[in-house]
Every structure is written in C-alpha cells, then in structure tokens.
Amino acid sequence: MIEIASLNADDARQALPGLVQLLQDAVGSGASLGFLPPLDEEVARAYWRDVIGEVASGKRVLLVATADGEVVGSAQLELAAKPNARHRAEVQRLMVHTRMRGRGIGRALMSEIERAAREQSRSLLVLDTRKGDVAERLYLALGYVPAGVIPAYTRDADGTPHDTIYFYRAI
C-alpha cells in the first residue's frame, strides 16, 4: 500500500537516505530534474539538505510516497513569497522510482500537492517539464494548461538539447 505524507524537516532528515536513492534513480533513468547522470551521492545529499532547509523555513512543502516504509516517490511545492504572488506556487521535482511507475503514484502525488496548495491558500500552480516526457501527458490529463515552450532550454548528459514546456492550473 502506498502512503503519501507531507514531511516536516525532522521527518525529511530521517527519510534522507531514501530521498537520495530516489533522486539518483530518477536522474539515472533520464528524468529532467536539473541534474545529469550519474548523480553523485554527496551532490544528491546536498540537494536534499537544501530542500529540508526550505521546508524548515516554511518556503517549501515536501511530499513523500512510501511503500512498506521505503521512499518510492516525491513531489515539492515551492511557495511564492512576494506580496503580489502569495496566491501561487510552483510544483517541482515530481518523481517516482522506476520500479514503482505505472501504479498511479505520480497522479496521487499531484492530487496531494494540489490539496497542500489549497491548505496554503494557493489558487494557481505552475510547473515545467521536458517536452515529450511522460510527465507532459500526466499534466495534460490532470487539467494543466500549456503556457508555452522554450526551445533547447535544457540539455542531457551527451549535450542533446531539449525543449521545456510550461503549464499552469487554477485550483
């Protein structure tokens, strides 16, 4: 059974080994998350420490999906802080472990992200993904509206450029 929880900083520190493995798996399988494979464990650990710091300061919501106590997915919500932007948030780094894909975990994480956004009085969500990735189909199916494409916005490990598509959704 899959459980999804919003982690506070202390819980996230306890989950750090699983979060590191999840990020390494996602990057290693080609996910466009801002890192290139192979992802060094210390780089992944430093990334998660930064995330935990933002969770502790209230700037970020971290959701984690677990199965039998093991981290199998996560998603984040970066809360806009500027006075004219406190109605919106950015969905970031939705990832599901490769061995757990196709089970609805990504969809469940997105549902929980939207619930968490509403709890934070956020009514507009934005996100981006590499054009053509499976995540693009998921976001479309969930009612996210394409806002535009930036050509050659990101590159993969061999230098191949990829377009990025931006989405938004009023919730």
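The values are calculated or read from the model by the stated rules, or taken from the named source; none is laboratory data. Keep in mind that what you see is a predicted model, and the values were worked out from it rather than measured. Positions of Cβ are generated from backbone atoms using ideal geometry, with glycine treated the same way; all protein chains shown enter the neighbour counts. Quick note on the areas: whole protein, heavy atoms, side chains included, nothing else; ligands and nucleic acids left out. Shrake-Rupley method; radii C 1.70, N 1.55, O 1.52, S 1.80 Å.
Computed values, structure above
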quantity	calculated
Sole exception among (1) free of Cβ contacts under 8 Å to residues at least 24 places away in the same chain; (2) assigned to a helix (DSSP H, G or I) for G58, by number	(2)
Sole exception among (1) closer than 28 Å to E3 by Cβ; (2) in a strand (DSSP E or B) for I113, by number	(2)
Residue within region 55-62 that is hydroxyl-bearing (S, T, Y), at pLDDT 95 or above and touching a helix residue (DSSP H, G or I) at 6+ places or on another chain (Cβ under 8 Å) present	no
Of the criteria (1) open to solvent by 60 Å² or more (accessible area, probe 1.4 Å); (2) free of Cβ contacts under 8 Å to residues at least 60 places away in the same chain; (3) out of contact with any helix residue (DSSP H, G or I) (no Cβ under 7 Å at 6 or more places or on another chain); (4) closer than 27 Å to L7 by Cα, which one Y153 fails	(4)
Region 70-90 - residue that is open to solvent by 60 Å² or more (accessible area, probe 1.4 Å) and within 19 Å of R107 (Cα to Cα) and, of those, farthest from the chain's Cα centre (by Cα)	E70
Failed criterion for R107 (all others in (1) part of a helix (DSSP H, G or I); (2) more than 18 Å from A65 (Cα to Cα) hold)	(2)
Per-region count, region 157-170, residues more than 18 Å from the chain's Cα centre (by Cα) and open to solvent by less than 70 Å² (accessible area, probe 1.4 Å)	6
Which numbered condition D128 misses (of (1) in a strand (DSSP E or B); (2) of a type in the set (D, E, K, R); (3) over 15 Å from the mean Cα position of the chain (by Cα))	(3)
Selection status of V91, farther than 20 Å from G143 by Cα, of a type in the set (V, I, T) and either assigned to a strand (DSSP E or B) or touching a residue at least 40 places away in the same chain (Cβ under 8 Å) (or both)	no
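A quick yes/no check of all residues on (1) over 15 Å from G34 (Cα atoms); (2) aliphatic (A, V, I, L, M); (3) at pLDDT 95 or above; (4) open to solvent by 60 Å² or more (accessible area, probe 1.4 Å):
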residue: D68; (1), (2), (3), (4): yes, no, yes, yes
residue: A108; (1), (2), (3), (4): yes, yes, yes, no
residue: E112; (1), (2), (3), (4): yes, no, yes, no
residue: S121; (1), (2), (3), (4): yes, no, yes, yes
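Here's the yes/no breakdown for (1) of a type outside the set (F, W, Y); (2) under 17 Å from A75 (Cα atoms); (3) assigned to a loop (DSSP other than H, G, I, E, B); (4) open to solvent by less than 20 Å² (accessible area, probe 1.4 Å):
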{"site": "A12", "(1), (2), (3), (4)": "yes, yes, no, yes"}
{"site": "V20", "(1), (2), (3), (4)": "yes, yes, no, yes"}
{"site": "D25", "(1), (2), (3), (4)": "yes, yes, no, no"}
{"site": "A31", "(1), (2), (3), (4)": "yes, yes, yes, no"}
{"site": "G34", "(1), (2), (3), (4)": "yes, yes, yes, no"}
{"site": "P38", "(1), (2), (3), (4)": "yes, no, yes, no"}
{"site": "V43", "(1), (2), (3), (4)": "yes, no, no, no"}
{"site": "W48", "(1), (2), (3), (4)": "no, yes, no, yes"}
{"site": "G53", "(1), (2), (3), (4)": "yes, yes, no, no"}
